[in-house]
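Student: I'd like to ask you about the structure that follows.
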Amino acid sequence: MYDARYRTWPPRELMVSLQPTSLRMSEDQFLAWARTQEGRYELLAGKVRRLAGATRAHERVAKRIFMVLYAQVDERTFDLNKGGFGVQAPSASGSGTVLYPDIVIDPQSGAGGERSTCQPVVIIEVVSSRADCEPHIQKLDRYKAWDTLRHLAVFDHEEPRACVWTKTGDGWPARPVRIEGAGGIVNLPAIGAAITLDEIYRSHTYRTFAR
C-alpha cells in the first residue's frame, strides 16, 4: 500500500477510510501517521492498536512514580519520560514495534524533538486492573528486543504491589521479584534509584498482604 510519491504513509486520503486496527506499517511510518490522529495508538508486530484511556488511580500511581524518580535520577545522565514518549524498535530490526509505557528512562540525548527512544534503560508500567502482576510477563517478552533495557517494573494501580525484572550478566530471570506491602522497596540500581511503595500508595486504601 505504500507509494513512494507520498511523503507519509498511508496517503492522507486513505487515513479516513482505513480502520486503525487494519493498518500495518513500519516504526517510522507509524510515528508519522500517529501525529495526525486523535487518540493514542501503539504499534506491535507491525499492527496498529488503539490504547484505552487510563483510570484516575492509574494516573495517580504513574505520576507519583515519576515524581519519586525525578527527585533521584541525574538528568545529566538519564532522561525521564512519561506517557506520550515512545519506545521504538530500531527500524532495521523489522519488528514493527512502537510502545508507550507509563514511564521510560533512557540515556540523556540533549535533543528536544525526538518522539521515541531506541535505548530504554528502565520501563515502568502500571496495571489498570486487579489482575496479578505476574501474568504480565508477556511484556518482558516484548521488551527483550532492546539490549539496553535493565529493569522492567509493573505496578498495581491500587495495591502496594510491584513485580520487577532485572537483567544481570546471566540475562533476564524467568520470574520477577515480587514486592508487596507499604514498606516494600523497588530497587533500580541501573539508574541509582529506589521507590518505596509507601510513597506511591500513601493515600490509597489497601489490605495488608500476607508474606
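The values are calculated or read from the model by the stated rules, or taken from the named source; none is laboratory data. Worth saying up front: this structure is predicted, and the values here are computed from it rather than measured. In case anyone asks, the SASA skips ligands and DNA or RNA and just uses the protein heavy atoms, side chains included. Shrake-Rupley method; radii C 1.70, N 1.55, O 1.52, S 1.80 Å.
Student: Could you tell me the accessible area of LYS63 in Å² (1.4 Å probe, neighbours in place), rounded to the nearest ten?
Tutor: 110
Student: Skipping prolines and chain starts, which residues have an amide H placed within reach, meaning under 5 Å, of the one on ARG40, given they are 5 or more residues away or on another chain?
Tutor: LEU51
Student: Taking a probe of 1.4 angstrom, what is the accessible area of THR77 in Å², to the nearest 10?
Tutor: 70
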